[in-house]
Amino acid sequence: MPKKLLVIDQTRARHLWIAAQKLDSAAPFGHGPAATSAAIAHLGYVQIDTINVIERCHHHILFSRIPAYRRSDLTQVQSSDKSVFEYWTHALSYVPTSDLPFFVPAMKQYRETPSRWFGSVTPDEVKKMLKRLRKEGPLSIRDIGDDELVDKDHPWASRKPSKRVLEMMFFQGLVTVGARQGMVKTYDLLARHFGAVPKAATPRQITAYQLDRALRSQGVVSLDSICHLDAPSKKAVKELIDRRVRRKLLVPVTIEGAEKVQHWAAPETLDAPATEPPTLVHILSPFDPLIIQRKRLKLFFDYDHLFEAYLPAAKRKLGYFALPILMGDRIVAAFDLKTDRTGKKLLIQQATWLEDAGAEGRAAVDAALGRFEAFQLGD
């Protein structure tokens, strides 16, 4: 007779996820550059994005877990400490440098099979750029003034051919982003920046890394949540899950009301005594790890987040850049915010309340908005 699956209710599942995301305590990583490095190491990656109607999401995600966060902390851990680097996860992200071996095989694959995205970049162009970097040191696209400008073939493209060459070399692991000022990247030879290129992880090691990263930062995981936008990895990950279940290192879990989606958790996660429900208020980025996986968000929170920046204004429901507001263990509102940097204030373009938070709840949200405004206008 098959063993009955463990069933946990949605609230318990939600609490485990919030705790795994470190959104249930005020300053779980402390402060300063070490806190930034520790937060990225725990989460596994922090997404980078270009939209700056408010502060860009990589700073925002870190602020949500480090109240004393300063942008210079991220600069230090990337450029001086070199404890984080930039690469592609499900999107361009900051990743712990200790995890670099797990990305070396993807870099090699880009060298063997260059992406069509980079168009007609030739081996000769790569050789010339490598020679230039060796001679001149780290370069940003602004440092390259001798390009013959071309017409853009995409809204996000550059008229400088060197930009596409450097971007291809970045994916190939020939260069890394040694420094960043806003969205302007300074590229350096990867081996020079880190001192050496680490040995590539094996496929089995990469699969274990993917699973362990998700367990650490999600608490309760599904195949989709582990392999977000990475369907080819699912087969190997599921085989590893099955092996760990047989060894009693993972427990199959059913979330009440979502029986069709299989989940798993580590025994120690499930055995930990339930703590008091989370109470903090967070104004979250739409790219925050708690928000970015929309199906999972709906399953755990009964909330459909709409990212409407690319919709015509008339079709928007929540606004151009709506930010979910997490109050304890509920998403109670979504505010479309904009930072008026000239006027030095945070503007509420649209406030959509999803439930009545009461006078005390609204006061807590106002206080969170005040902290968020200080972060927007601070350094």
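The values are calculated or read from the model by the stated rules, or taken from the named source; none is laboratory data. The structure displayed is predicted, hence computed values, not measured ones. For neighbour counting, all protein chains shown are included, and Cβ atoms are generated from backbone atoms with ideal geometry for every residue, glycine included.
Some notes on this structure:
- Selection within the range 179-196 - in a loop (DSSP other than H, G, I, E, B) and not small (Gly, Ala, Ser): Met183
- Members of the range 61-86 found to be buried (at least 21 other Cβ atoms within 10 Å of the Cβ) and either closer than 19 Å to Ser233 by Cα or among the hydrophobic types (A, V, I, L, M, F, W, C) (or both), listed by number: Ile61, Leu62, Phe63, Ile66, Leu74, Val77, Val84, Phe85
Residues are listed down the side, and each one gets a yes or a no for (1) part of a loop (DSSP other than H, G, I, E, B); (2) crowded, with 22+ Cβ neighbours inside 10 Å:
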position	(1), (2)
Val261	yes, no
Leu270	no, no
Asp288	yes, yes
Ile292	yes, no
Leu297	no, no
Phe307	yes, no
Lys317	yes, no
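- Odd one out for Ala196 among (1) farther than 27 Å from Arg70 by Cα; (2) buried (at least 18 other Cβ atoms within 10 Å of the Cβ): (2)
Quick grid of which residues meet (1) crowded, with 16+ Cβ neighbours inside 10 Å; (2) among the hydroxyl-bearing types (Ser, Thr, Tyr); (3) within 20 Å of Glu136 (Cβ to Cβ):
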| position | (1), (2), (3) |
| --- | --- |
| Val175 | yes, no, yes |
| Asp212 | no, no, no |
| Cys227 | yes, no, no |
| Val237 | yes, no, no |
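- Residue list for the range 223-240, filter: in contact with a helix residue (DSSP H, G or I) (Cβ under 7 Å, 6 or more places away or on another chain) and of a type outside the set (D, E, K, R): Leu223, Ser225, Ile226, Cys227, Ser233, Ala236, Val237, Leu240
- Those residues of the range 12-52 which are surrounded by fewer than 18 Cβ atoms within 10 Å (Cβ to Cβ), at pLDDT 95 or above, over 26 Å from Asp271 (Cα atoms) and among the aliphatic types (A, V, I, L, M), in sequence order: Ala34
- Any hit, the range 356-373, residues being touching a helix residue (DSSP H, G or I) at 6+ places or on another chain (Cβ under 6 Å) and modelled with pLDDT of 95 or more: no
- The strands (runs of 3 or more DSSP E) found wholly in the range 1-109 and carrying at least 1 residues that are under 26 Å from Val221 (Cβ atoms), more than 15 Å from the chain's Cα centre (by Cα) and in contact (Cβ under 8 Å) with a residue 12 or more places away in the chain occupy 6-8.
- Some residue of the range 336-350 being acidic (Asp, Glu) and either touching a Phe, Trp or Tyr at 6+ places or on another chain (Cβ under 9 Å) or part of a loop (DSSP other than H, G, I, E, B) (or both): yes
- Counting only residues that are part of a helix (DSSP H, G or I) and within 16 Å of Gly44 (Cα to Cα), the range 197-225 holds 15 of them.
- Selection count where residues are surrounded by fewer than 17 Cβ atoms within 10 Å (Cβ to Cβ) and either assigned to a loop (DSSP other than H, G, I, E, B) or out of contact with any helix residue (DSSP H, G or I) (no Cβ under 8 Å at 6 or more places or on another chain) (or both), scope the range 245-257: 7
Residue by residue, here is whether (1) free of Cβ contacts under 8 Å to residues at least 40 places away in the same chain; (2) of a type in the set (A, V, I, L, M, F, W, C) holds:
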| residue | (1), (2) |
| --- | --- |
| Lys160 | yes, no |
| Met168 | no, yes |
| Gly178 | no, no |
| Arg204 | yes, no |
| Thr207 | yes, no |
| Lys234 | yes, no |
| Pro252 | no, no |
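- Within the range 173-206, tally of residues that are farther than 30 Å from Lys235 by Cβ and of a type in the set (Gly, Ala, Ser): 6
- Tyr303 fulfils the conditions (1) hydroxyl-bearing (Ser, Thr, Tyr); (2) over 28 Å from Val221 (Cα atoms); (3) in contact (Cβ under 8 Å) with a residue 40 or more places away in the chain except for a single criterion, (2).
- Only residues that are at pLDDT below 90 and under 25 Å from the mean Cα position of the chain (by Cα) were counted across the range 128-157, and they come to 4.
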